[in-house]
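The values are calculated or read from the model by the stated rules, or taken from the named source; none is laboratory data. Since we're looking at a predicted model, the values are computed, not measured. Methodologically, a virtual Cβ is constructed for each residue, glycine included, from the backbone with ideal geometry; neighbour enumeration extends over all protein chains shown.
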Amino acid sequence: MTEPLLSVRDLKTQFFTEDGTVRAVDGISFDVYEGEIVGLVGESGAGKSVATSSILRLVDSPGEIVGGEIEFKGETIFGLEEDGAGELRPRDEMLTESEMRKRIRGREIAIIFQDPMESLNPVFTVGGQLREFIEINRDLDPDEAREEAIDMLREVGIPAPESRYDEYPHQFSGGMRQRVLIAMALACQPDLIIADEPTTALDVTVEGEILEMVTDLQEKYDTSFIWVTHDMSVVAEICDRVNVMYLGEIIEQAEVDDLFYDTKHPYTSALLDSMPRPDKTVDELRPIEGVMPEAINPPSGCRFHSRCPEAREVCREVHPDLRDLSDEGAATHTGACVKHDAFDVGYDDSPAIETQTGSGFSAGLTETGGEAE
Amino acid sequence: MSGVGPAESDPDALLQVRDLCKYFDNDSGLLGSVGLDDEFPYVTRSSSNVRAVDGVSFDIKEGETLGLVGESGCGKSTLARTVLRLLEPTSGSVYFQGEDLASLSGEPLRRMRKDMQMIFQDPQSSLDPRMKVGPIVEEPMQAHGMLDEEGREARAKELLEKVGLDPQHYNRYPHAFSGGQRQRVNLARALSVNPDFIVCDEPVSALDVSIQAQVLNTMEELQEEFDLTYLFIAHDLSVIRHISDRVAVMYLGNIVELADKEELFENPRHPYTRALLDAIPVPDPRSGGRDELLSGDVPSPIDPPSGCRFRTRCPKLIQPEAYDMTDETWRNVVRFQRAVKRRAFEETDPDALRGRYFDDGVPSGDAGTLLDEALGHIQRDEWDDAEAILTERFADESVCATAKPAYEVESALTDGRHYAACHLRRDEAVASAVDESALDGAARLGTPEADD
């Protein structure tokens, strides 16, 4: 592989709330190469959506990207440097807000959200919204843009696109609306599409159709995707490489087959074990004990140690970084768990700690009741 | 348990649902059903019903979990609410412990509610944010006059512990709990009146996978401890497969297949069940792709297709007896008919269309003539005429359109009964509730309004 299309290094996004600083994304790094689908999985509150909004610099107050580098096709979407006084300030080559708006968002990087109804304006026709988007972003005149919009609608499998062009979003079913959003995302032929749980709200049959369509279109246009989801089945079906997130950190990175068949991190294994399977009967589910802790005050050491079945004393003290755990010659497979030899911090000799099985439910009591995401 | 054969009383059945229908009036308001016409008498009254649940029968035995699965809009939740008499059934009956709920009302019905409880999908909106958890759990007991104040408090605390919460949370408000914990509060509330039967309407679909597993495990433990019977509704087949003993698959207001869990998942006999099972992504990157996906949308329940409701999307639509095409050719005709109906292409040249849709065989004889006629209409841009020919002369003549299927087949893997509403099962059926005269008349024309 050549240079990555998108490269994220040590990205940190924090929310400054009255209760304290929420470290929603805490130092994640990953690459997206041309033409691949990269998965970003985790439970709610893991920081998946904040990570994707950060890539487009769409984080609003009280949230702020406080550190890290985001490079896209050689341009700096985000990057800081120290000025003379030791204060951090944006680097000169960092794209300005208007460059982001006019050149990057929509044209180079498009995003598809989970709820298609909220992304479409209910008082304008579907075709009109699509046409306007194409008109502005591709500098076409209205008639050409209309033609293009109809072509895109047909491309994503909307029946009778000429007549449906003039219909309003409420006249479309959920799956059809999601298709419209995919048409909108593809309309400017971006190099990267960020899909934020686009099929979560859909029925399995519709989800299947959409996944199939995305795979076809991806082959045709050679677009890269970042696919955000909590569903390991979707990951298994469409992703090439996967990043597993837990509490603001990426804890395992691997090619999809390795992730499922040579799982390195106990959290990933626990996630896979806790799922009921459609293809075989599982007698007993093994749920992950407890709930994800708050990102305001994450556990010391390994953030998963409080729920980890394999936790030992050393996990409480050592904060593992992502290290390459792959065999020589194999594809890169990184994981952040000290039980592997690559860490050598004395895991094998460390006494096991009691996970908070008994108090798991009470430990999860939140004062806000909200989720960090 | 199924609509097939005599509805003999199963002595173990806690709940028997017979031919239950629930229609909603589509025209609300005083003038809702009034339409204007350009001929005398200028004003017409029409009413159309949304047939949300249309002739559903099943039994639930004591202590078992019946899973109910289907796409959104198929009537799962309406069925659950009608079974509990939260909605008044249009027709049919629901026998709970031998009494017909459909005929009860007022105080006797209210007293029956003590034995049947419900858990809803959204744990947030089903708890009053201004009530503390303790009183929330006590409220049903109070409504049914159970225990005194102290006894209720003690029982509430005991139940909170049983569902995996800390009894000290008695004085907390729902907002202090996470989604999974709120669903546990709902469980405790449902259990407080010591019910026999709980309807769970998508209880875990709003929860994260790891939390989902915790709640599912708790529900199974409680079922064992309190000897509960569940009607478990979900759209997620993996969850259904995990928790159910038997599974019913619903499509557009009808149950299309009902069998023991293993039997249904390993030996599905209805094309819709097969399509559903095929559509689920499997958490295994080596599982390979899927065969064929369903296309098209679920038809409107206001005017559902005649016969088998799934026929407009079914990949296995049966060829009308009047024609003698090969299987491939018939598939091509069906595919072409559906494409025309959806206006899925712009091409109007007959030869190009033949090449695109009939590359491995153009039908001959009558069928060929009809197809040529339809292609001619398309060439002249008369899409509606082309659609009418293809629909009325091909799709609507299938036995799937003329007779409503209802068969019981031999179970291959378990000893339970296996109901499959599909005409493909006609020859292997051990029992059938299909009107034979309708089958004989399979070649007659479908009613004009019953197109797909």
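Taken together, the residues in region B:181-226 that are within 14 Å of chain A (Cβ to nearest Cβ), crowded, with 23+ Cβ neighbours inside 10 Å and in contact with a strand residue (DSSP E or B) (Cβ under 8 Å, 6 or more places away or on another chain) amount to 5. Based on what the data block shows, is residue B:123 in contact with a Gly (Cβ under 6 Å, 6 or more places away or on another chain) and touching a residue at least 40 places away in the same chain (Cβ under 8 Å)? Taking the combined requirement at face value, the residue satisfies it.
Yes/no matrix, rows are residues, columns are (1) closer than 19 Å to residue B:381 by Cα; (2) among the polar types (S, T, N, Q); (3) surrounded by 15 or more Cβ atoms within 10 Å (Cβ to Cβ); (4) more than 14 Å from chain A (Cβ to nearest Cβ):
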residue: B:332; (1), (2), (3), (4): no, yes, yes, yes
residue: B:338; (1), (2), (3), (4): yes, no, yes, no
residue: B:341; (1), (2), (3), (4): yes, no, yes, no
residue: B:344; (1), (2), (3), (4): yes, no, yes, no
residue: B:352; (1), (2), (3), (4): yes, no, no, yes
residue: B:359; (1), (2), (3), (4): no, no, no, yes
residue: B:362; (1), (2), (3), (4): no, no, yes, yes
residue: B:366; (1), (2), (3), (4): no, no, no, yes
residue: B:369; (1), (2), (3), (4): yes, yes, no, yes
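A residue that is assigned to a loop (DSSP other than H, G, I, E, B), modelled with pLDDT under 85 and more than 8 Å from chain A (Cβ to nearest Cβ) occurs somewhere in region B:267-288. Among the listed residues A:133, A:124, A:72, which satisfies the condition of being under 30 Å from residue A:10 (Cα atoms), touching a residue at least 40 places away in the same chain (Cβ under 8 Å) and among the aromatic types (Phe, Trp, Tyr)? That would be A:72, the only listed residue that is under 30 Å from residue A:10 (Cα atoms), touching a residue at least 40 places away in the same chain (Cβ under 8 Å) and among the aromatic types (Phe, Trp, Tyr). Apart from one condition, residue B:331 fits all of (1) in the same structural domain as residue B:383 (by TED's automatic domain parsing); (2) touching a Ser or Thr at 6+ places or on another chain (Cβ under 7 Å); the exception is (2).
For (1) within 21 Å of the chain's Cα centre (by Cα); (2) farther than 28 Å from residue B:185 by Cβ, each residue gets a yes or a no:
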| residue | (1), (2) |
| --- | --- |
| B:78 | yes, no |
| B:98 | no, yes |
| B:101 | no, no |
| B:142 | no, no |
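Say whether the condition of being within 12 Å of another protein chain (Cβ to nearest Cβ), loosely packed, with under 12 Cβ neighbours inside 10 Å, modelled with pLDDT under 85 and under 24 Å from the mean Cα position of the chain (by Cα) is met by at least one residue in region A:353-371. So far as region A:353-371 goes, yes, one or more of its residues are within 12 Å of another protein chain (Cβ to nearest Cβ), loosely packed, with under 12 Cβ neighbours inside 10 Å, modelled with pLDDT under 85 and under 24 Å from the mean Cα position of the chain (by Cα). Looking across region B:250-263, just one residue is within 12 Å of chain A (Cβ to nearest Cβ) and either under 14 Å from the mean Cα position of the chain (by Cα) or free of Cβ contacts under 8 Å to residues at least 40 places away in the same chain (or both), and that is B:251. Is there a residue in region B:20-33 that is of a type in the set (S, T, N, Q) and either modelled with pLDDT of 90 or more or assigned to a strand (DSSP E or B) (or both)? Looking through region B:20-33, none of the residues is of a type in the set (S, T, N, Q) and either modelled with pLDDT of 90 or more or assigned to a strand (DSSP E or B) (or both). Could we say that residue A:306 is buried (at least 19 other Cβ atoms within 10 Å of the Cβ), polar (S, T, N, Q), farther than 22 Å from residue B:240 by Cα and within 14 Å of chain B (Cβ to nearest Cβ) here? Yes. Looking across region B:293-313, the residues that are surrounded by fewer than 21 Cβ atoms within 10 Å (Cβ to Cβ) and either touching a Pro at 6+ places or on another chain (Cβ under 9 Å) or under 22 Å from residue A:154 (Cβ atoms) (or both) come down to B:293, B:295, B:296, B:297, B:299.
Among the residues making up region B:362-383, those that are under 21 Å from residue B:322 (Cα atoms) and either assigned to a helix (DSSP H, G or I) or out of contact with any helix residue (DSSP H, G or I) (no Cβ under 8 Å at 6 or more places or on another chain) (or both) are B:364, B:365, B:366, B:367, B:368, B:369, B:370, B:371, B:372, B:373, B:374, B:375. Being in contact (Cβ under 8 Å) with a residue 24 or more places away in the chain, among the small types (Gly, Ala, Ser) and either in contact with a helix residue (DSSP H, G or I) (Cβ under 7 Å, 6 or more places away or on another chain) or closer than 28 Å to residue B:13 by Cα (or both) is a description that applies to residue B:192.
Could you tell me whether region A:138-149 includes any residue that is touching a residue at least 12 places away in the same chain (Cβ under 8 Å), surrounded by 20 or more Cβ atoms within 10 Å (Cβ to Cβ), out of contact with any strand residue (DSSP E or B) (no Cβ under 9 Å at 6 or more places or on another chain) and farther than 26 Å from residue B:346 by Cα? Looking for residues that are touching a residue at least 12 places away in the same chain (Cβ under 8 Å), surrounded by 20 or more Cβ atoms within 10 Å (Cβ to Cβ), out of contact with any strand residue (DSSP E or B) (no Cβ under 9 Å at 6 or more places or on another chain) and farther than 26 Å from residue B:346 by Cα, one finds none in region A:138-149, hence no. Residues of region A:321-338 that are at pLDDT 85 or above, in contact with a His (Cβ under 9 Å, 6 or more places away or on another chain) and not hydrophobic (A, V, I, L, M, F, W, C): A:323, A:324, A:335. Yes or no: residue B:241 touching a helix residue (DSSP H, G or I) at 6+ places or on another chain (Cβ under 8 Å), within 8 Å of chain A (Cβ to nearest Cβ), crowded, with 21+ Cβ neighbours inside 10 Å and not in a loop (DSSP other than H, G, I, E, B)? Yes.
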